[in-house]
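The values are calculated or read from the model by the stated rules, or taken from the named source; none is laboratory data. For clarity, every value in this text was computed on a predicted model and none was experimentally measured. Positions of Cβ are generated from backbone atoms using ideal geometry, with glycine treated the same way; all protein chains shown enter the neighbour counts. Ligands, DNA and RNA are excluded from the accessible area calculation, which covers all protein heavy atoms including side chains. Shrake-Rupley method; radii C 1.70, N 1.55, O 1.52, S 1.80 Å.
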Amino acid sequence: MDLNLATLHQGIAQRVPDREGIVWREQRKTWAEVAERARRFANLLIAHGMGVHGDPATVQPWESPHDHVALYMYNCPEFLEALLGTHLARVAPFNVNYRYVADELQTLLAGARPRVIVVHARLAPTLAAVLPQLPEDLLVIQVADDSGEPLLPGALDFEAALATASAAMPSTAPSADDLHVVFTGGTTGLPKGVLWRIGDLLAGPLGHTRRDGSEWESYEEAIDFAAGRPGLRTLPAPPFIHGAGLWVAMGALITGGTVVIQDDPIHFDGAALAALCERERVGLLSLVGDAMAVPFLDALDRAPHQLAVKFVHNTAAPLSERTKARLLDRLPALRIVDGLGSSETGHLGARTTEPNFALSPGSVVLSEDLTRELTPGEDEVGWLCTALRHARGYLDDEVKTKETFTTYQGRSLVISGDRVRLCADGRFELLGRDSLVINTGGEKVFAEEVENGLRRVDGIADAAVLGRPHHRWGHEVVAVIALRRGATLDDATVLDAIGEHLAGYKLPRAIFRAPAIQRAPNGKLDYRWARAYVAESATR
């Protein structure tokens with residue numbers, strides 16, 4: 001049967017009330033405390049008239065009958081408590097990127113239609129700049145922090161509001177059909193609200209099923225499983241405003257685990273991460289590519305730590321083979337899961353130390369024209385799709401929903417946008433996102449394929465590849481690289497190294513050097529920055 005987040009979490013809390021649920025700095029909140037605060041937040045929303053206004057099972061895939069709550073915060077316990085409370089109130093939460101400037105925030109909120117915004121005090125000035133353009137009846141709930149920012153006019157203080165709200169179980173009846181909204185900018189930078197049934201999110205990306213992959217027969221069975229485990233201590237290093245961080249935290253919240261949050265949720269620090277893993281005996285560490293893994297490993301090289309980490313979960317950006325080898329050298333018994341997926345699909349494939357990915361159950365590779373399923377060993381480049389648990393559609397966007405979510409031979413499919421080649425052994429080689437394809441002289445070059453080649457070069461820490469307009473070829477391949485400390489590489493050496501693995505038309509025609517490659521908080525490359533850097537460098 002399908003489950004929902006709120007009912008499951010409340011049931012587990014009744015069975016393991018004294019187990020640590022969330023750890024942050026000096027705060028150690030038990031499962032019972034977190035569950036009570038979620039109930040209080042739910043009742044606060046209900047008291048202000050929030051809820052669901054229709055049956056989410058019967059609306060169109062791009063429609064939401066819920067009131068929406070914006071979670072505009074850094075990683076903190078209140079983020080997770082509000083998340084649980086919104087689902088308990090049958091209100092749909094969504095994430096807000098805290099890096100947005102006022103114009104970007106205004107664009108997002110105009111499309112997301114929130115009736116409530118939960119905001120960290122440090123972010124309140126940016127919100128204040130756009131509040132005049134938002135509905136007057138918008139409820140703002142402010143979470144205090146160490147910034148010293150005062151409470152916005154008319155806003156509620158999070159702690160004060162919870163203190164006066166009822167701690168009783170709300171009379172709502174949360175459903176597996178209730179929606180969870182994930183806003184993603186993708187490669188376009190324009191925010192899209194991805195709609196998930198919470199039941200599909202739990203059974204799909206969160207992998208909350210029996211060990212053999214079959215569904216739970218009842219809430220009682222799932223609760224028994226969670227209560228019977230010792231409770232895995234999980235540290236999601238990525239921001240909760242992205243699925244890479246939040247979905248890992250949610251996994252702990254539905255399996256009886258403990259979520260450990262970094263002391264400084266704003267600035268990533270590899271040494272602080274290593275120290276926290278040691279102090280809290282973290283068992284599962286979630287990272288985003290070399291951008292997080294390398295500083296963490298450098299810290300371990302500088303000072304010894306006694307770590308209990310058994311699992312490293314990586315997603316959103318690749319781990320290089322060099323970094324995986326360093327992780328296993330430090331922690332020989334470590335299990336590395338390097339996952340591939342998207343906000344629309346959940347998990348599409350995974351690998352450990354292998355260069356290619358194994359297809360996740362339900363994932364398929366379709367031909368260029370989407371008319372047939374490719375078989376292992378075909379040379380054709382295809383589309384990676386999933387036919388199992390996936391999102392429903394894009395909020396209020398019928399056209400984009402019908403383009404991305406389709407039907408193939410009677411199966412509901414979502415097209416991920418990833419272009420892959422299916423290998424003879426059934427694994428697939430990831431070539432890159434279709435939106436990052438560079439057409440140079442009629443040849444297609446996948447930016448991520450070249451980036452991966454550059455990152456394998458000894459001395460290169462990170463790389464970004466993009467197309468630059470060219471009078472003859474349409475576009476030419478150019479690269480921005482960041483060197484490791486002390487490394488010196490000329491262009492010829494770089495091109496010789498990657499030329500051993502890539503065809504000549506894929507090699508960069510120009511290479512620019514930057515002190516570091518800029519990435520978003522979720523670890524994804526900032527291609528807008530890369531384009532601007534190339535343009536500026538070319539004029540010097």
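In the chain, the DSSP beta bridges split such that about 60 percent are antiparallel, to the nearest 5. The separation of region 122-157 from region 68-86, counted between C-alpha centres, amounts to 15 Å.
Counting only Cβ charges, +1 for Lys and Arg and -1 for Asp and Glu, the dipole size of the chain around its Cα centre is about 700 debye. Using 0.36 nm per residue and subtracting the Cα-Cα separation, the extra length available between residue 510 and residue 275 on full extension is 80.5 nm.
Here each label is just a point 7 Å from Cα along the line to Cβ, and for residue 409 and residue 539 those points are 5.3 nm apart. Kirkwood radius for region 240-367, taken over all pairs of different Cα atoms as the inverse mean of 1/r, rounds to 15.4 Å.
Among the listed pairs 29/310; 29/524; 192/524; 29/192; 444/524, give every one whose C-alpha distance is greater than 26 Å. Each step should come with its number before you reach the end.
Working: 29/310 24 Å; 29/524 32 Å; 192/524 16 Å; 29/192 34 Å; 444/524 22 Å.
With Cα atoms farther than 26 Å apart: 29/524; 29/192.
Taking only the Cα atoms of region 71-181, the radius of gyration and Dmax are 14.0, 40 Å. Evaluate the relative contact order of the chain (contact order divided by residue number), counting alpha-carbon pairs under 8 angstrom at least 6 apart; express in whole percent. It comes to 11 percent, rounded to a whole number.
If you plug the beta carbon distance of residue 531 and residue 220 into 1/(1 + (r/R0)^6) with R0 = 60 Å, you get a FRET efficiency near 0.65. So if we plug the beta-carbon distance of residue 308 and residue 492 into 1/(1 + (r/R0)^6) with R0 = 56 Å, what FRET efficiency do we get, rounded to 0.05? Calculated value: 0.75.
Normalised by the number of residues in region 144-233, the mean separation of alpha-carbon contacts (under 8 Å, six or more apart) gives a relative contact order of 15 percent. The mean sequence distance of close C-alpha pairs (under 8 Å, at least 6 residues apart), as a share of the length of region 1-143, puts its relative contact order at 21 percent.
Put the Cα centre of region 330-375 next to the Cα centre of region 305-321 and the gap is 17 Å. Choose one of 303, 21, 84: the residue whose Cα lies farthest towards the positive end of the charge dipole of the chain (beta-carbon charges +1 Lys, Arg; -1 Asp, Glu; about the Cα centre). The residue sitting farthest along the positive end of the dipole is 303.
Taking +1 at the Cβ of each Lys and Arg and -1 at the Cβ of each Asp and Glu, which of 416, 201, 477 sits farthest along the dipole of the chain towards its positive end, judged by Cα position relative to the Cα centre? The residue sitting farthest along the positive end of the dipole is 477.
Applying the criteria of a DSSP loop state and at most 12 other Cβ atoms within 10 Å to the GluC sites (Glu not before Pro) of region 76-137 yields 136. The modelled label-to-label distance for the pair residue 157/residue 472, using points 7 Å beyond Cα in the direction of Cβ, is 6.9 nm. Dividing the summed -39500 (n - 2.57) terms of all DSSP H runs of n ≥ 4 by the residue count of the chain sets its mean residue ellipticity at 222 nm at -9000 deg cm²/dmol. For region 1-69, the list of trypsin sites (Lys or Arg not before Pro) that fall in a loop by DSSP and count at most 13 other C-beta atoms within 10 angstrom reads 25. Normalised per residue, the accessible area of region 55-151 is 35 Å², obtained with a 1.4 Å probe and no contribution from ligands, DNA or RNA.
The residue among 282, 355, 294 whose Cα reaches farthest toward the positive pole of the charge dipole of region 269-361, with charges on the beta-carbon of Lys, Arg, Asp and Glu, is 282.
Remark: region 78-154 carries a charge dipole of roughly 260 debye about the Cα centre, counting +1 on each Lys and Arg Cβ and -1 on each Asp and Glu Cβ.
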